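Below: one structure, written as structure tokens.
The values are calculated or read from the model by the stated rules, or taken from the named source; none is laboratory data. Bear in mind that the values here come from a model prediction, so they are computed numbers and not experimental data. Note: ideal-geometry Cβ built from the backbone for every residue, glycine included; neighbour counts use all protein chains shown.
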Ligand code: KG4
Ligand code: ZN
């Protein structure tokens, strides 16, 4: 069978990224231009600034992805682009670019759901992985526990009722003075802390596998306020470790119950928070105890990147899915 080369373009938040992937699994190039330094000044992503930076960088990022791939743009078979969910301005830059690029090269345009992209990072990491499997997607904007029934077919078991897991990490990092982006900073600080120093609540959502993190966020804020009123100095490592443990307990608790109920033989994690060291090790333990295969993408494939979009585009391409030039950004696009 002829090899299929897909270009993946990602611009849903604060990373301008592009990648060329062969047959959905082999990364030939993976260029990521992060805007973290700029948004750090504001303590979070400023959508208008993100849009402008995507415009400035997208041409160079795509050119570099092609030149580093070792193939020419004429050898591409399709252009995949994230069209949602995400920030509308940033999404529109990627979508507009991909439309013009695919039109100029007479290539099929494949619309890709960003959350599906995160799941597909696992196909790149583990070349043997095939559906069905269970997957926990935890990022700055999403927290979903799902079953991947087939390529592109999902059953949602649970989702967050309020904040996403990554959003909670980012907010708590800000209030304990660690800054943006919070996830990696809490992960690092927690390594020197006692996860049982403060017992924060473990809340669950309305349905069996749903999540909720807003109560935990308030509990951390109340703890910080009461320490301040009593004139007690907080330990940043202990607070970070205790908060992280509460998040990881809820995520892994739901995952373990779902595995016991559905009996899936493989479990994958995806999204930026999937690079969290404690989540990776706790989830691995749960899988080992149950004889379940555990898949986790390397950290660079967990956070936003173009390779995961190129992989998702490959499977949509095989199914014959194509977008035309009326493709628009859908900020609240659902997975299923
Ligand atoms: O998937 P991603 O790059 O973007 C979205 O689609 O949202 O995820 C970014 C999120 C941020 O909230 C960031 O703080 C979090 O992932 N994150 C982490 C870690 N690395 C990134 N959270 C916990 N521990 C980490 N090591
Ligand atoms: Zn993402």
Return a yes/no flag: does segment 142-157 have any residue that is assigned by TED's automatic domain parsing to the domain that holds residue 274, modelled with pLDDT under 95, in contact with a helix residue (DSSP H, G or I) (Cβ under 7 Å, 6 or more places away or on another chain) and crowded, with 20+ Cβ neighbours inside 10 Å. yes
Report yes if residue 48 is without any contact (Cβ under 8 Å) to a residue 24 or more places away in the chain and assigned to a helix (DSSP H, G or I), otherwise no. no
Whichever residue in segment 1-24 is more than 16 Å from ligand 2 (Cβ to nearest atom) and assigned to a loop (DSSP other than H, G, I, E, B) and, among such residues, is farthest from residue 76 (Cα to Cα): 1
Any idea how many residues of segment 163-193 are more than 18 Å from residue 275 (Cβ to Cβ) and either surrounded by fewer than 17 Cβ atoms within 10 Å (Cβ to Cβ) or outside the structural domain of residue 273 (by TED's automatic domain parsing) (or both)? 4
Would you pick out the residues in segment 141-153 that are in contact with a strand residue (DSSP E or B) (Cβ under 8 Å, 6 or more places away or on another chain) and away from ligand 2 (no atom under 16 Å from the Cβ)? 145, 147, 148, 149
In segment 103-127, anything crowded, with 23+ Cβ neighbours inside 10 Å and in a helix (DSSP H, G or I) is listed as 114, 115, 116, 117, 118, 119, 120, 121, 122, 123, 124
In the list 138, 112, 175, which residue meets the criterion of being within 16 Å of ligand 2 (Cβ to nearest atom) and closer than 27 Å to residue 245 by Cβ? 138
Within segment 316-336, considering residues that are touching a strand residue (DSSP E or B) at 6+ places or on another chain (Cβ under 8 Å) and not in a loop (DSSP other than H, G, I, E, B), the one surrounded by the most Cβ atoms within 10 Å (Cβ to Cβ): 316
Quick check on my filter: what residues within segment 291-315 are more than 22 Å from residue 35 (Cα to Cα), within 16 Å of ligand 1 (Cβ to nearest atom) and either assigned to a helix (DSSP H, G or I) or over 17 Å from the mean Cα position of the chain (by Cα) (or both)? 311, 312
Could you say which residue among 93, 32 is out of contact with any helix residue (DSSP H, G or I) (no Cβ under 6 Å at 6 or more places or on another chain) and touching a residue at least 40 places away in the same chain (Cβ under 8 Å)? 32
If you go through segment 29-40 one residue at a time, how many are in contact with a strand residue (DSSP E or B) (Cβ under 6 Å, 6 or more places away or on another chain) and either in a loop (DSSP other than H, G, I, E, B) or surrounded by 18 or more Cβ atoms within 10 Å (Cβ to Cβ) (or both)? 5
Any residue in segment 194-201 that is buried (at least 21 other Cβ atoms within 10 Å of the Cβ), within 15 Å of ligand 1 (Cβ to nearest atom), modelled with pLDDT of 95 or more and not assigned by TED's automatic domain parsing to the domain that holds residue 45? no
Lone qualifier among 288, 273, 220, 248 - being within 16 Å of ligand 2 (Cβ to nearest atom) and in a helix (DSSP H, G or I): 273
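So that you can scan it fast, the table gives a plain yes or no per residue for (1) at pLDDT 95 or above; (2) over 21 Å from residue 187 (Cα atoms); (3) surrounded by fewer than 20 Cβ atoms within 10 Å (Cβ to Cβ):
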{"residue": "230", "(1), (2), (3)": "yes, yes, yes"}
{"residue": "253", "(1), (2), (3)": "yes, no, yes"}
{"residue": "257", "(1), (2), (3)": "yes, yes, yes"}
{"residue": "269", "(1), (2), (3)": "yes, no, no"}
{"residue": "276", "(1), (2), (3)": "yes, no, no"}
Kindly list the number of the only condition in (1) at pLDDT 95 or above; (2) within 16 Å of ligand 1 (Cβ to nearest atom) that fails for residue 111. (2)
Would you confirm whether any residue within segment 85-105 is closer than 15 Å to residue 335 by Cα and touching a strand residue (DSSP E or B) at 6+ places or on another chain (Cβ under 6 Å)? no
